[in-house]
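What follows is one structure encoded as C-alpha cells, with my remarks underneath.
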Amino acid sequence: MNAALRPEEAFDWREPDYITIFRERAERLNRMRAHPERLPALKAYYRDHIADFITDWGMTYSPWNAGTKQPPYLPFLLMPKQRELVDWMIRHWKERTPGLIEKSREIGCSWVAMAVSIGLCIFHEQITIGFGSATETKLDRSGDPDSLFWKGRMFIAHLPEEFRGGCNIEKDAPEKRILFPATQSSITGEVGDKIGFGGRKSIYVVDEMALVEHPKLMESGLSGNTDCRIDISTVSLDGMANEFSVRRHSGQVDVFTYHYRDDLRKDAEWAEAKKKTMDPIVWAANYEIDYMAAAEGVVIPQLWVQAAVGAFEKLCIIPSGARLGALDVADEGIDLNAFAVRYGNEVTHCESWPGKNSDPYFTAERAYMTCDEQRVERFHYDADGIGGSIRAAATRIDERRASQRMRKIACQPYKGSSAVFEPESFAPGTEVKNKDRFYNLKAQSWFWLRDLFWHTYRAINGDDYDASKLISLSRNIPELQKLCIELSQPQWKLSTNGKIVVDKTHEGIKSPDRGDSVCILFHPRARPMRISDTALEIHE
C-alpha cells in the first residue's frame, strides 16, 4: 500500500465514515483475487510493513457502539500513535530488547499488541509469541471480548483467507493458543504463576503487569524465556508499590507512553464527562498515568499538572516576558540530561538526551544550541555534583561565541543543596519564614513550583487569579506526557528538625530529569529581581 494514501490520515475520527472504508476494502480484495499472481509481492510488502497490513485488513470490536449508529465491528485503522506503537514493538523484536508500555485505559493497547503478534506470525516463519496475564478471564475466556485471545481469534476470523497464515479458527485456535500452520508460528498464553515457564519465545507480552500477584516468580520464569519482553499496564492504585512501577522508573528499560490524549476519538469534553463518573484518584491513576495519585506527600498532584496543560490557551492569556532556559545535568549512569524553556510563565519546550558517556562540554554545547533555537536569553544549570563542571565548559563556549560575534547567552548556576532564598521572607501562603520551612533551596524550589500549579488549578476551576502566579505547559512540548508524569514524582516529608525535605528518587527509581529542569526553570531566584522601597531611597 502507498503510504501517501493511508486512509487514516484523512479520516474523521469524531464523525467516522466506515461505509467508505468497507467499500474500499471490498474493491481491494476483488482486485487482489482477480490477479492472484500479485499476492506473493503483496505478502512480501506486508512482511516489512505490519502497520499497513493492520490498517488495510484488520478489524476490531467496540462494545460501546452496540445500540448506536456505528457498528460494533470496525475497520482497525491505526491512529498515528498506534502506528508508532506497532513500529516500536517490531523494533524491539528485531533488536531483541525489552520494552515497557505505560497506558491509559480505553485506548485499545491490547488490540494493537495482539494485532502486531498476529501479523508477525502470518508473515514470518517459526515465530513464537507468548502472552501472560494476571487472571484467566483477562487472558482467554470463551465469548468474552475483554480477553486477549478472544481479540486474537476475532481479528483472524475477519481477515481474508489469503492472510490467515493457514489458521483455521475451529481447529488451530484452542484454549490459550493460536497456531499458524503455513509459517509454523504460534501465539500461546499463560496465567499468573505460570507466566514465563512455557518455553522460549521470540516475544513475550505481559498484559496489565501491575496486577500480577507474584511478580518475582514471573521474573524467574521470564529470565530465560525471551530477550524481547514487553510489559504493558495501566497504573495501579498502589502507586509505586508494584514491580511494574519500579521497572518503569528504573531507567533500565525503554518506555512507550500511550495516553488517552493520543486517541483521536477523545477530546476535552469526553475527559470531563468521564471524570464525573469516577473517583479523582482512579481517574488520575488509570487515565492520567499518575503513579503517585494515591500516594501521600506528593509535591504536585497530577490533577494540578494536567490543569496546567494549555492553561494560558484555556484562560485566553497571551504569554510574555523573558525567554529563559534550565539545564538538569545527568550523571554518567541511567539519568538523562534535560533542558526546559519558558516564555514568561509558559513552558514552551522540554527535551532530554542520555547522560551516559557524555562529557560536560557536549552537554553545555547542546544547551547553547537549544538556546539559539528557542531564542533563550539566559539559562540556569544544575551545579550540584557533576553539573559543577558545566561552568568551565560554558566559559570555553562563551569565548568561542564571542570570537565569532555570536550573541551572548548568560549561563548561571543553580545549587539545590544551597541555603534557601530570602530566608527571612515568609513562604507563600504561610506565616512561616523560608529558613524555618524548607531544608534547602531544592525543597523551596519544588514548593515554589507547587504554588504555581496550585494557583493554575484553581484558576482553571473558576477562581479569580493573578496571571503572574500561574504556569502553563504548552501542548506543543516535544516530551509533554513524560514531563507531566515526572512533575508528580517528587514527594515531601519533614526532617528531624521539622523542615520540608523533597525526595525525588524514592524507592530507588531514577531521577525525574525533565521535571527537575522545569523546577530549576522556575526556582525563586529565576524570577524577576525585586527591589525594595528601602533600597530605592536616596540618602543625603
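Throughout, read-outs are computed from the coordinates displayed, never taken from laboratory work. These numbers come from a predicted model, not from an experiment. A quick note on method: Cβ atoms are made from the backbone with ideal geometry, for glycine too, and the neighbour counts reach across all protein chains shown.
Partner lysines whose Cα lies under 20 Å from the Cα of residue 69, excluding those fewer than 8 positions away in the same chain, are identified as 266.
Placing +1 on the Cβ of each Lys and Arg and -1 on the Cβ of each Asp and Glu in segment 148-220, which of 173, 152, 192 has its Cα farthest towards the positive end of the resulting dipole? Result: 173. Taking the charge dipole of segment 145-294 about its Cα centre, with +1 at Lys and Arg Cβ atoms and -1 at Asp and Glu Cβ atoms, the residue from 215, 245, 284 reaching farthest to the positive side is 215. With the simple model of a label 7 Å out from the Cα in the direction of the Cβ, residue 48 to residue 400 spans 3.9 nm. Globularity index of segment 245-360 is 1.27 (Cα radius of gyration / 2.2 N^0.38 Å, N = number of residues).
By a straight-distance test (C-alpha under 16 Å), which lysines pair with residue 94 as possible cross-link partners, with residues fewer than eight away in the same chain excluded? Residue 94 reaches 201. Look at where the Cα atoms of segment 284-334 and of segment 249-275 average out, and the two centres are 15 Å apart. Computed from point charges on the beta carbon alone (+1 for Lys and Arg, -1 for Asp and Glu), the dipole magnitude for segment 290-422 about its Cα centre is near 720 Debye. Out of every Cα-Cα pair in segment 449-516, what percent are more than 18 Å apart? The share of Cα pairs beyond 18 Å in segment 449-516 comes to 52 percent.
Mean projected area of the Cα convex hull of segment 118-223, taken over all directions, amounts to 6.2 nm². Computed on the Cα trace of segment 3-275, the radius of gyration divided by the Kirkwood hydrodynamic radius gives Rg/Rh = 0.95. Straight Cα distances below 18 angstrom link residue 504 to the lysines 415, 442, 482, 493, with same-chain residues fewer than 8 positions distant left out.
Here the mean projected area of the convex hull built on the C-alpha positions of segment 338-398 is 4.3 nm².
Extension gain, residue 422 to residue 66: 0.36 nm times the residue separation minus the Cα-Cα distance gives 122.0 nm.
In order along segment 154-162, the Karplus-derived 3J(HN,Hα) couplings, from 6.51 cos²θ - 1.76 cosθ + 1.60 at θ = phi - 60°, round to 5, 4, 5, 4, 9, 7, x, 4, 4 Hz, and Gly and Pro are given as x. Charge dipole (Cα centre; +1 on Lys/Arg Cβ, -1 on Asp/Glu Cβ; no other charges) of segment 155-312 amounts to roughly 220 debye. Note on residue 125 and residue 464: their simple-model spin labels are 7.7 nm apart, each label 7 Å out from Cα toward Cβ.
What the phi angles of segment 121-129 give under the Karplus curve with 6.51, -1.76 and 1.60, with θ = phi - 60°, is a coupling list of 5, 6, 10, 10, 7, 6, 7, 10, 10 Hz, glycine and proline written as x. About the centre of its Cα atoms, the chain shows a dipole size close to 760 debye [charges on the beta carbon of Lys, Arg (+1) and Asp, Glu (-1) only; nearest 20 debye].
Taken over the C-alpha atoms, segment 296-526 has Rg and Dmax values of 17.3, 53 angstrom. With a threshold of 31 Å on the Cα-Cα distance, the over-threshold entries among 151/274; 103/435; 43/176; 171/274 are 103/435; 171/274. With a Förster radius of 25 Å applied to the beta-carbon distance between residue 146 and residue 214, the computed FRET efficiency rounds to 0.65. Debye-formula intensities of the chain, expressed as log10 I(q)/I(0) at q = 0.08, 0.09, 0.11, 0.13 Å⁻¹, are -0.61, -0.76, -1.05, -1.30 (one equal scatterer per alpha-carbon, no solvent).
Calculate the FRET efficiency for residue 182 and residue 273 from the Cβ-Cβ distance with a Förster distance of 41 Å, rounded to the nearest 0.05. My answer for the efficiency is 0.35.
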